[in-house]
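To start, the structure itself, in structure tokens.
The values are calculated or read from the model by the stated rules, or taken from the named source; none is laboratory data. Computed from a predicted structure; not experimentally measured. Heads up, the Cβs are rebuilt from the backbone with ideal geometry, glycines too, and the neighbour counts pull from every protein chain shown. When the accessible area is computed, the model is the full protein with side chains, heavy atoms only, and any ligands, DNA or RNA have been set aside. Shrake-Rupley method; radii C 1.70, N 1.55, O 1.52, S 1.80 Å.
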Amino acid sequence: MDLDLAQVRAFVLAAEELHFGHAAEELSISQQALSKRIARLESMLGRRLFERGGHGVRLTEAGRRFLEPARQTLAAADLAVAAVLDVHRQLRIDVWGHLYAPMRTLAQVASHEPRLELGHGRDLPAVAAALLHGTVDAAFGRVHAPLPAGLTHRLIRLEPVDAILSADHPLAHAPAIRPEQLRDSVLWTPGPLHRLDFLHRFAEHFGIRDQAEGANLGLDHFLADLAADPRRFCLLPADIPLPSDPAIRSVPLVDPTPLYAWSLLWRDNGGHPLLEALTRAFTAEAERNRWLEYDPTRDWLPEHHPSPRRNRP
């Protein structure tokens with residue numbers, strides 16, 4: 001059975017939008033043309049892929065089973081075309097977790113490779129979708145479950161985080177803080193806690209009951225709001241450059257020291273010729289800087305992280 005990629009692409013967009021009109025606009029075709037492509041695909045497969053009714057459009061069980069392989073088929077086709085027509089294209093890499101400054105790590109590798117095109121993703125789900133759609137080739141940030149099928153990641157760096165407090169916080173002048181000592185403090189977060197996996201797990205594990213959220217408008221704004229309340233604290237990487245502000249203090253966390261995990265993420269089928277070189281460069285940088293040191297007797301990770309994966313892109 002030979003699949004028509006135009007029909008498969010119409011199906012994938014309609015499945016993601018669950019709205020034929022929006023999917024047709026994305027493809028720059030009429031809604032009637034999109035419906036015909038999907039009808040022909042359903043006819044060839046001998047299965048209905050969508051249910052249409054008063055409640056809108058829904059995937060059937062067959063449609064749900066077909067969606068992920070269909071995405072992978074389109075990605076493979078796009079990569080095949082790129083391999084022939086686009087061999088000199090820059091490798092497009094997205095980063096996320098911007099308040100934690102991922103570019104500090106990526107820049108140590110990117111400076112040696114001028115053929116990287118840097119982008120900024122919103123969060124892990126948005127970046128994962130961009131990878132699966134083929135709009136980016138790789139990504140760099142914190143990976144956590146659930147991760148969509150079709151993606152591979154490699155652990156690059158385990159970075160200690162410090163507690164950042166208002167200068168008026170009772171623990172602001174301590175030489176070090178145990179995470180459990182923060183139980184009576186307020187965790188200040190750059191958004192809803194349930195969407196921030198690392199901070200959510202930290203609060204849950206160490207019994208931090210009180211939390212307040214602000215808008216992520218950049219580090220200076222975030223820390224200025226933190227300084228306004230003597231009960232607030234936040235977590236930031238230990239070596240992130242902080243603004244010179246006497247109203248805040250950075251204090252190391254010990255017994256245990258929380259570690260923030262940075263990973264490189266890419267599609268299972270690789271694709272870009274620079275991807276293997278980028279992975280090697282990250283691995284060498286991690287070994288040179290001892291980025292993957294981890295002692296379970298003194299460090300804390302939100303979840304078990306295996307040793308850096310040895311599969312190659």
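Here are some notes:
- Of the residues making up segment 54-68, just one is surrounded by 13 or more Cβ atoms within 10 Å (Cβ to Cβ) and free of Cβ contacts under 8 Å to residues at least 12 places away in the same chain, namely 65.
- Selection within segment 253-273 - of a type in the set (D, E, K, R) and either farther than 28 Å from residue 290 by Cβ or assigned to a strand (DSSP E or B) (or both): 267, 268
Yes/no matrix, rows are residues, columns are (1) in contact with a Phe, Trp or Tyr (Cβ under 8 Å, 6 or more places away or on another chain); (2) modelled with pLDDT of 95 or more:
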residue: 196; (1), (2): no, no
residue: 218; (1), (2): no, no
residue: 244; (1), (2): no, no
residue: 261; (1), (2): no, yes
residue: 267; (1), (2): no, no
residue: 275; (1), (2): yes, no
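- Taken over segment 170-190, the criterion of being open to solvent by 10 Å² or more (accessible area, probe 1.4 Å) and in a loop (DSSP other than H, G, I, E, B) is satisfied by 170, 171, 173, 174, 175, 176, 178, 183, 184, 190.
- Residues that are assigned to a loop (DSSP other than H, G, I, E, B) and open to solvent by less than 20 Å² (accessible area, probe 1.4 Å), drawn from segment 137-152: 137, 142, 143, 150
- Restricting attention to segment 32-51, the residues that are over 14 Å from residue 9 (Cα atoms) and within 33 Å of the chain's Cα centre (by Cα) total 2.
Here's the yes/no breakdown for (1) farther than 18 Å from residue 66 by Cα; (2) polar (S, T, N, Q):
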| site | (1), (2) |
| --- | --- |
| 10 | no, no |
| 13 | no, no |
| 21 | yes, no |
| 24 | yes, no |
| 28 | yes, yes |
| 31 | yes, yes |
| 37 | no, no |
| 46 | no, no |
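- Of residues in segment 201-218 being outside any loop (DSSP other than H, G, I, E, B) and crowded, with 19+ Cβ neighbours inside 10 Å, the one nearest to the chain's Cα centre (by Cα): 202
- Criterion (open to solvent by 30 Å² or more (accessible area, probe 1.4 Å), in a strand (DSSP E or B) and either out of contact with any helix residue (DSSP H, G or I) (no Cβ under 6 Å at 6 or more places or on another chain) or within 30 Å of residue 147 (Cα to Cα) (or both)) met by exactly one of 250, 244: 250
- Filter pass, residue 239 being in a loop (DSSP other than H, G, I, E, B), of a type outside the set (A, V, I, L, M, F, W, C) and open to solvent by 60 Å² or more (accessible area, probe 1.4 Å): yes
- Considering segment 71-108, the residues that are at pLDDT 80 or above and of a type in the set (Val, Ile, Thr) include one that is farthest from the chain's Cα centre (by Cα), namely 73.
- Given (1) open to solvent by 60 Å² or more (accessible area, probe 1.4 Å); (2) touching a residue at least 40 places away in the same chain (Cβ under 8 Å); (3) not hydroxyl-bearing (Ser, Thr, Tyr), index of the condition residue 51 fails: (2)
- Enumeration of residues in segment 114-136 that are assigned to a loop (DSSP other than H, G, I, E, B), within 25 Å of residue 288 (Cα to Cα) and touching a strand residue (DSSP E or B) at 6+ places or on another chain (Cβ under 8 Å): 115
- Test: residue in segment 24-46 that is in contact with a strand residue (DSSP E or B) (Cβ under 6 Å, 6 or more places away or on another chain), open to solvent by less than 70 Å² (accessible area, probe 1.4 Å) and either not β-branched (Val, Ile, Thr) or not in a helix (DSSP H, G or I) (or both): no
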